[in-house]
1. Taking the condition in a loop (DSSP other than H, G, I, E, B) and among the small types (G, A, S), does S85 pass?
2. I'm checking my understanding of the structure. Among residues of the range 176-217 that are charged (D, E, K, R) and touching a strand residue (DSSP E or B) at 6+ places or on another chain (Cβ under 7 Å), which one is surrounded by the most Cβ atoms within 10 Å (Cβ to Cβ)?
3. Any residue that is in a strand (DSSP E or B), in contact with a Pro (Cβ under 8 Å, 6 or more places away or on another chain) and farther than 14 Å from L182 by Cα - is there at least one of those in the range 91-114?
4. Considering only the range 117-140, I want to know if a residue exists there that is under 23 Å from the mean Cα position of the chain (by Cα), without any contact (Cβ under 8 Å) to a residue 40 or more places away in the chain and part of a strand (DSSP E or B).
5. Just to check your reading of the model, which residue among E78, E71 is charged (D, E, K, R), surrounded by 21 or more Cβ atoms within 10 Å (Cβ to Cβ) and outside any loop (DSSP other than H, G, I, E, B)?
6. On the basis of being farther than 26 Å from A208 by Cα, modelled with pLDDT of 95 or more and surrounded by 13 or more Cβ atoms within 10 Å (Cβ to Cβ), does E55 make the cut?
7. Looking at the range 59-66, is at least one residue assigned by TED's automatic domain parsing to the domain that holds W22 and assigned to a helix (DSSP H, G or I)?
8. Of everything in the range 126-173 that's basic (K, R) and in contact with a strand residue (DSSP E or B) (Cβ under 9 Å, 6 or more places away or on another chain), which residue is surrounded by the fewest Cβ atoms within 10 Å (Cβ to Cβ)?
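The values are calculated or read from the model by the stated rules, or taken from the named source; none is laboratory data. Since the structure is predicted, the reported quantities are computational estimates derived from the model, not experimental observations. No Cβ is skipped: glycine too gets one built from the backbone with ideal geometry, and neighbour counts run over all protein chains shown.
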Amino acid sequence: MFGLPKGSLEESTIALFGKAGWKITKSSRSYKPSIDDPELDGRFVRAQEISRYVEQGFFDCGLTGYDWIIENGSDVVEVCDLIYSKATALKSRWVLCVKEDSPVKTVKDLEGKRIATELVNVTKKYLADNGVNAQVEFSWGATEVKVPDLVDAIADITETGSSLRANNLRIVDTMLYTNTKLIANKAAWENPEKRAKIENIAMLLRSALDAASKVGLKLNLPKANLSKIISSLPALRKPTVSPLSDPAWVAVETIVEEKTVREIVPTLKANGAEGIVEYPLNKIIA
């Protein structure tokens with residue numbers, strides 16, 4: 001039984017599973033997806049709740065943020081990190097924010113102030129660790145619009161900071177870095193059959209993420225020019241070099257970062273490369 005995040009991560013999670021080899025389908029109003037694997041069942045629930053349901057055993061495993069594991073104090077097995085989101089492949093962070101013109105400059109300046117956030121327990125602990133007494137209230141959403149009329153500051157999550165800047169907010173401090181994690185129930189993890197399945201899912205999800213920024217590159221090259229480019233051609237280990245029917249030529253195949261292709265291709269062409277093909281990857285399993 002798998003806990004899948006409902007909300008902002010929903011579509012990117014379905015896409016990730018698709019690249020990893022599982023097709024997940026659901027209707028717009030259903031919380032119970034169809035998964036093309038008879039060994040998997042699942043539910044879409046809010047990421048904020050998944051770690052609790054995994055700990056309690058309703059889910060054998062699930063995907064949720066490190067922030068919600070900490071917020072709920074959940075006693076679960078953290079199987080692996082899966083750094084992906086709806087917008088970027090970067091870790092997100094929970095930050096304390098005030099209006100741009102606020103006199104608050106450091107966390108110490110929040111003494112006696114009111115702070116709104118969805119991450120109440122983590123915020124309270126962060127303030128206590130910094131010796132600050134402030135009132136922390138739960139926010140149901142649209143937290144960024146509450147300053148300065150309703151509260152003095154907010155604790156909110158950001159990936160790029162663009163939403164905060166758009167709302168004329170200034171970051172005072174970072175409380176916590178977070179990313180999606182695959183977690184497991186402790187009893188399920190001790191079950192050999194379930195653990196093997198969870199570990200296989202982890203391997204394939206990680207391999208799909210590893211492939212997201214990379215592409216395959218294949219080309220034909222004059223053998224005489226091979227030494228000129230082979231040492232500088234990126235690869236997971238070493239490029240694959242195969243002979244062609246013409247002994248003066250070789251076929252070269254490698255995996256590279258997609259963003260480097262624009263720099264590599266001119267060098268390849270200058271060294272006589274032909275038939276250069278770039279192709280997408282679904283998974284890279286090391």
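1. The answer is yes for S85.
2. Once the filter is applied, the top-ranked residue is K181.
3. yes
4. Scanning the range 117-140 turns up at least one residue that is under 23 Å from the mean Cα position of the chain (by Cα), without any contact (Cβ under 8 Å) to a residue 40 or more places away in the chain and part of a strand (DSSP E or B).
5. Criteria check complete, one pass: E71.
6. yes
7. Within the range 59-66, one or more residues are assigned by TED's automatic domain parsing to the domain that holds W22 and assigned to a helix (DSSP H, G or I).
8. Applying the filter and picking the extreme gives R170.
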